[in-house]
Amino acid sequence: MSGGGKIPVTVTEVVRVNELIKRFKFERSDGGLLPTFSGGAHTVVEMQDYGTSRLNPYSLMSDPADTSAYTISVRRDDEGRGGSLFMHRHVRPGMEMSISNPVNLFPLDLRARKHLMIAGGIGITPFMGQIAQLSAISGRFELHYAARNPALAAYASELSARYPRQVHLYFDDYDQRIDLQGLLDGQPLGTHLYVCGPKGMIAWVRNTAEAAGWPREAVHHEEFLAPPSGKPFEVKLAVSNKVIQVGEHQSLLEAIEAAGVDAPYLCRGGCCGQCETDVIDYDGTFLHNDHWLSEEQHAGGKKIMPCVSRFEGKTLVLDR
Amino acid sequence: MAIAFKEETFRDDFTFSNSPEAIRRFPFPFHEDSYMYSVNLEQHVPVRPENTTRSLPDTVFDKTFDVDEHYVAEMKDRELVLAEDPLRCQSLPHMTLAGWDLLELIMTAKAAEYPDLFELHRDGDHWHWINRPLGIEQKFVFMDETTLPYGPMEYITRQTQGDFALLDQRDDNLWMDAGMVTTQADWSLDFDIGMNFFEWHAPVPKAHEMGIFVRALKFLLNIRQGSPARRLNWTLTVNPLLDTSPENYHKWGVQRATLTPENLGQKLHLRVELQTFFRLPRSNALVFPIRCYMISFQDLVTEPKWGRRMHRVIRDLPDELADYKGITRNRELILDWLSHYDDGAPTSPGAWADER
Ligand code: FES
């Protein structure tokens with residue numbers, strides 16, 4: 001169920017886009033074509049990080065119709081658990097890796113008359129695929145892209161050169177802000193709104209849209225949480241009858257997988273609900289980090305999302 | 001493997017029948033002597049019978065889209081249904097892309113898996129499709145609707161056995177936004193179009209309480225490109241009628257009253273739906289092909305294990321399920337007929353027929 005088939009790929013290009021971002025190109029190691037995908041999809045990249053295997057999701061940013069290669073962009077996170085550092089430091093052209101089939105948790109709503117996109121920083125990547133898909137079918141879109149400054153605004157110049165009328169850029173260092181209220185007011189009926197960027201931006205866009213009366217189904221967002229690090233803890237897996245240790249820089253899901261137990265997942269970022277796991281017994285405190293369970297469920301002690309959530313205390317027994 | 005396509009009908013004189021090979025590969029749906037409603041989804045990959053050494057040259061699970069001896073006749077029947085009622089094929093405007101996805105999926109699978117029957121030549125967007133059994137040859141431009149005689153979904157599903165529902169995925173739900181439905185067991189595309197997963201499943205008894213649907217929906221939302229899933233469903237039909245639609249209930253409903261102990265073996269059919277689910281690449285939609293296999297009771301009991309088990313399943317079926325399957329009215333009659341094929345001997349595990 002967690003499967004979906006791995007694709008063996010070779011890294012064929014690594015490009016430094018700016019101070020923080022590198023772009024990676026993957027081609028099938030056997031020379032064949034990769035699956036077609038839809039704009040907004042991601043792939044899960046498997047990394048063998050010196051003893052720890054990491055599975056990190058990254059948005060596909062190449063043209064969905066081009067099946068000869070996939071490209072992703074990775075922003076270096078110096079404070080993170082190391083996935084992005086591994087990509088930046090160790091991944092070189094010629095390296096063999098393995099990636100998942102594409103999964104789309106941020107698809108375009110094809111009923112929309114117009115697609116209004118709001119991107120912040122590295123949140124630009126899923127829109128790259130969506131824009132390529134839309135421009136091939138002459139779909140109507142408008143992109144508002146905010147970044148710290150022009151040097152850090154990845155792909156901004158390419159995008160505005162290609163779509164001068166649709167792309168609008170904003171730079172924090174120049175005190176430029178998206179006039180969201182005005183933007184939302186002026187949209188034709190049937191417009192769908194998409195946002196991808198930092199947590200604060202997503203909340204701001206969703207709240208502003210809600211206050212302006214936008215229906216929930218017309219507002220789409222994508223936010224992958226990176227699994228946070230924390231104190232190591234021990235877990236008993238009741239079904240597989242195993243006791244496992246979750247390391248400081250490892251997620252509970254990764255520890256379950258490392259023990260050879262197959263567990264469901266899609267986003268690995270606390271938003272899709274697939275990894276939801278029943279708690280059989282516990283004595284301690286949950287550190288819930290997901291966007292899936294309700295507040296009552298977080299307080300209830302019956303469920304945990306192992307892709308991002310952790311535990312502190314004596315015993316934790318899971319139905320897995 | 002050459003398939004001898006049959007000339008037969010699914011209406012009026014009902015000349016439909018299965019050859020011995022078709023009986024042997026029939027997807028008998030009962031793994032044990034009782035039946036309980038469940039979702040029982042599994043990966044759609046070829047399976048081999050585990051409990052028997054019997055040689056099966058092929059099974060209905062081997063190919064992405066199974067083509068069998070009824071192919072040509074079923075496509076003729078579909079043509080007749082559509083001529084009478086064009087609303088059996090509908091596609092909301094945003095589903096055209098999913099239609100192209102489906103066309104690509106079917107054409108590439110059939111050309112790869114049945115190279116003697118189907119060919120696909122691609123030169124960029126310029127495609128050339130050959131369907132030998134139906135005598136069709138078509139050159140067209142992929143993603144250009146004006147180059148095909150019908151929309152992409154209608155074009156390809158006029159050439160593929162089974163009903164098709166195209167489900168759009170949004171708001172954590174699935175929406176029945178397009179389909180080709182001419183062989184359905186008592187449901188209506190025209191009624192369900194635009195509905196979401198819970199709305200179109202509303203009439204199933206009990207299952208809702210069991211939370212089955214919530215889990216099923218979650219499973220379906222999780223279906224990924226490259227990993228299709230499948231399940232079997234079943235019902236009984238009097239006469240090998242493909243089109244048991246609500247629209248035509250007045251025509252087929254009355255046939256239920258025509259069953260007698262003498263004609264039952266020939267008239268009553270076990271109808272099995274092979275339901276598969278595929279994630280489509282460009283549209284992110286799900287396609288849900290529902291393929292129907294029928295077998296008369298007299299053919300079914302030629303496999304002694306199936307005869308014994310069918311009797312036990314019908315006998316022990318909870319009343320509300322019997323109602324749901326539409327067999328309450330004839331249940332005594334059916335049990336009486338089947339009891340002659342059940343000597344009380346134990347049956348082997350699994351659904352496959354035994355070695356003889
Ligand atoms: S895998 Fe998506 S919520 Fe955990």
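Remarks
- Per this entry, A:Asp262 is counted among residues that are assigned to a loop (DSSP other than H, G, I, E, B), over 21 Å from the mean Cα position of the chain (by Cα) and charged (D, E, K, R).
- Residue in the stretch A:84-91 that is under 14 Å from the mean Cα position of the chain (by Cα), farther than 21 Å from B:Ser283 by Cα and open to solvent by less than 60 Å² (accessible area, probe 1.4 Å) present: yes
- Pair list, Cβ under 9 Å, 6 or more apart: the stretch B:167-196 residue within 11 Å of chain A (Cβ to nearest Cβ), other residue β-branched (Val, Ile, Thr): B:Asp177/B:Ile193
- Annotation note: Cβ proximity below 6 Å between a residue of the stretch A:115-130 that is farther than 11 Å from A:Ala41 by Cα and a residue that is acidic (Asp, Glu) and open to solvent by 10 Å² or more (accessible area, probe 1.4 Å) (sequence gap 6+ or interchain) occurs for A:Leu116/A:Glu142.
- The criterion of being out of contact with any strand residue (DSSP E or B) (no Cβ under 7 Å at 6 or more places or on another chain), among the hydroxyl-bearing types (Ser, Thr, Tyr), surrounded by 15 or more Cβ atoms within 10 Å (Cβ to Cβ) and within 13 Å of chain B (Cβ to nearest Cβ) does not hold for A:Thr52.
- Among (1) within 16 Å of the ligand (Cβ to nearest atom); (2) open to solvent by less than 10 Å² (accessible area, probe 1.4 Å); (3) not β-branched (Val, Ile, Thr), the one test that A:Gly301 misses: (1)
- Qualifying residue in the stretch A:70-78 (condition: more than 17 Å from A:Arg16 (Cβ to Cβ) and not β-branched (Val, Ile, Thr)): yes
- Test: residue in the stretch B:338-354 that is among the acidic types (Asp, Glu) and either in a strand (DSSP E or B) or closer than 20 Å to B:Leu259 by Cα (or both): no
- Once the stretch A:247-259 is narrowed to residues that are in a loop (DSSP other than H, G, I, E, B) and more than 14 Å from the ligand (Cβ to nearest atom), the residue that is farthest from A:Gly82 (Cα to Cα) is A:Ala259.
Each row is one residue, and each column tells you yes or no for (1) surrounded by 15 or more Cβ atoms within 10 Å (Cβ to Cβ); (2) within 15 Å of the ligand (Cβ to nearest atom); (3) away from chain B (no Cβ under 14 Å); (4) within 20 Å of the chain's Cα centre (by Cα).
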| residue | (1), (2), (3), (4) |
| --- | --- |
| A:Glu276 | yes, yes, no, yes |
| A:Phe286 | yes, yes, yes, no |
| A:Glu296 | no, no, yes, no |
| A:Thr315 | no, no, yes, no |
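- Among the helices (runs of 4 or more DSSP H) confined to the stretch B:142-255, the ones with at least 2 residues that are of a type outside the set (A, V, I, L, M) and modelled with pLDDT of 85 or more are located at B:152-157.
- Look at (1) within 9 Å of the ligand (Cβ to nearest atom); (2) under 20 Å from A:Thr52 (Cβ atoms) and you find that A:Val235 fails only one, number (1).
- Members of the stretch A:92-120 found to be away from every other protein chain (no Cβ under 14 Å) and crowded, with 21+ Cβ neighbours inside 10 Å, listed by number: A:Leu116, A:Met117, A:Ile118, A:Ala119, A:Gly120
- Selection within the stretch A:304-313 - under 27 Å from A:Glu222 (Cα atoms) and either open to solvent by 20 Å² or more (accessible area, probe 1.4 Å) or within 11 Å of the ligand (Cβ to nearest atom) (or both): A:Ile304, A:Met305, A:Pro306, A:Cys307, A:Val308, A:Ser309
- Subset tally (residues that are open to solvent by 60 Å² or more (accessible area, probe 1.4 Å) and touching a helix residue (DSSP H, G or I) at 6+ places or on another chain (Cβ under 8 Å)) for the stretch A:170-203: 2
- Being within 14 Å of chain B (Cβ to nearest Cβ) and either crowded, with 23+ Cβ neighbours inside 10 Å or within 14 Å of the ligand (Cβ to nearest atom) (or both) is a description that applies to A:Pro264.
- All conditions but one from (1) buried (at least 20 other Cβ atoms within 10 Å of the Cβ); (2) assigned to a helix (DSSP H, G or I); (3) within 14 Å of chain A (Cβ to nearest Cβ) apply to B:Lys110; the one that does not is (3).
- Residue within the stretch A:192-201 that is within 22 Å of A:Gly269 (Cβ to Cβ), assigned to a helix (DSSP H, G or I) and aromatic (Phe, Trp, Tyr) present: no
The values are calculated or read from the model by the stated rules, or taken from the named source; none is laboratory data. Small disclaimer: the values here were computed from a predicted structure and weren't measured. As a convention, Cβ positions derive from the backbone with ideal geometry for all residues, glycine included, and neighbour counts pool all protein chains shown. SASA here: full protein model, heavy atoms, side chains in, ligands and nucleic acids out. Shrake-Rupley method; radii C 1.70, N 1.55, O 1.52, S 1.80 Å.
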